[in-house]
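*Asks:* Got a structure for you, written out below as structure tokens; questions coming shortly.
The values are calculated or read from the model by the stated rules, or taken from the named source; none is laboratory data. Note that this is a predicted model, so its numbers are computed, not measured. For neighbour counting, all protein chains shown are included, and Cβ atoms are generated from backbone atoms with ideal geometry for every residue, glycine included. Side chains included, ligands, DNA and RNA excluded: accessible areas come from the protein's heavy atoms. Shrake-Rupley method; radii C 1.70, N 1.55, O 1.52, S 1.80 Å.
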Amino acid sequence: MAQVEATTERIVAADAEKVFDALADYEGTRRKVLPEHFSEYEVREGGDGEGTLVHWKLQATSKRVRDCLLEVTEPSDGELVEKDRNSSMVTTWRVTPAGEGKSRVVVTTVWQGAGGIGGFFEKTFAPKGLGRIYDDLLDRLAAEVEK
């Protein structure tokens, strides 16, 4: 089993604190900016950053659906970490200043992939597919916070 990693980043025309607060708002903004790949969204505990427990199903491809139950932590300023209780998947969001009134958002997801030929295809194609999903999410986030 090899580790699979997908990273996407975007410059957003809003200050880092505003962008981070929007990402950490699982009850409001996060729910609004999720693309159609996410379904059955439910905040089970908390709802604002550290201590949040959130559930969703992620339809990565027409055949691949992940049932995710994520514990949210904030290990450092500008960083949200979502650890899936149902798998090895961990998603880290980092928001840093990127000049006057701008911020850089970097989202990285890692997980232990399958072995064998299936693992080869997962490691080759899954990061691109997940990258497209996160590009869409970041487009929606930017539209929301740049208002």
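*Asks:* Sequence neighbours fewer than 8 away in the same chain don't count; with that in mind, list the lysines whose C-alpha is under 30 Å from residue 102.
*Replies:* 18, 32, 83, 128, 147
*Asks:* At most 11 other Cβ atoms within 10 Å and a DSSP loop assignment: could you name the trypsin sites (Lys or Arg not before Pro) in the range 30-79 that fit?
*Replies:* Listed in order of number, the matching sites are 63, 64.
*Asks:* For the Cα atoms of the chain, what angle does the longest principal axis make with the long axis of helix 116-145, in degrees from 0 to 90, nearest 10?
*Replies:* 20 degrees
*Asks:* Under the Karplus relation 6.51 cos²θ - 1.76 cosθ + 1.60, θ = phi - 60°, what is the ordered set of whole-Hz ³J(HN,Hα) values for the range 7-19, x standing for Gly and Pro?
*Replies:* Each residue's phi maps through the Karplus curve to give 10, 9, 9, 7, 8, 10, 7, 7, 5, 4, 5, 5, 5 Hz.
*Asks:* Moving to a separate point now. Over the range 31-147, with every protein chain in place, what whole percent of the accessible area is carbon and sulfur at 1.4 Å, could you tell me?
*Replies:* It is 50 percent, rounded to a whole number.
*Asks:* Here's another thing I want to ask about it. What accessible area per residue comes out for the range 49-120, rounded to a whole number of Å², with a 1.4 Å probe?
*Replies:* 50 Å²
*Asks:* Length gain on complete extension for the stretch residue 88 to residue 62, per 0.36 nm per residue less the alpha carbon to alpha carbon distance?
*Replies:* 7.2 nm
*Asks:* Sticking with this structure for a sec: Would you mind computing Rg(Cα) / (2.2 N^0.38 Å) for the chain, counting N as its residues?
*Replies:* That works out to 1.02 for the chain.
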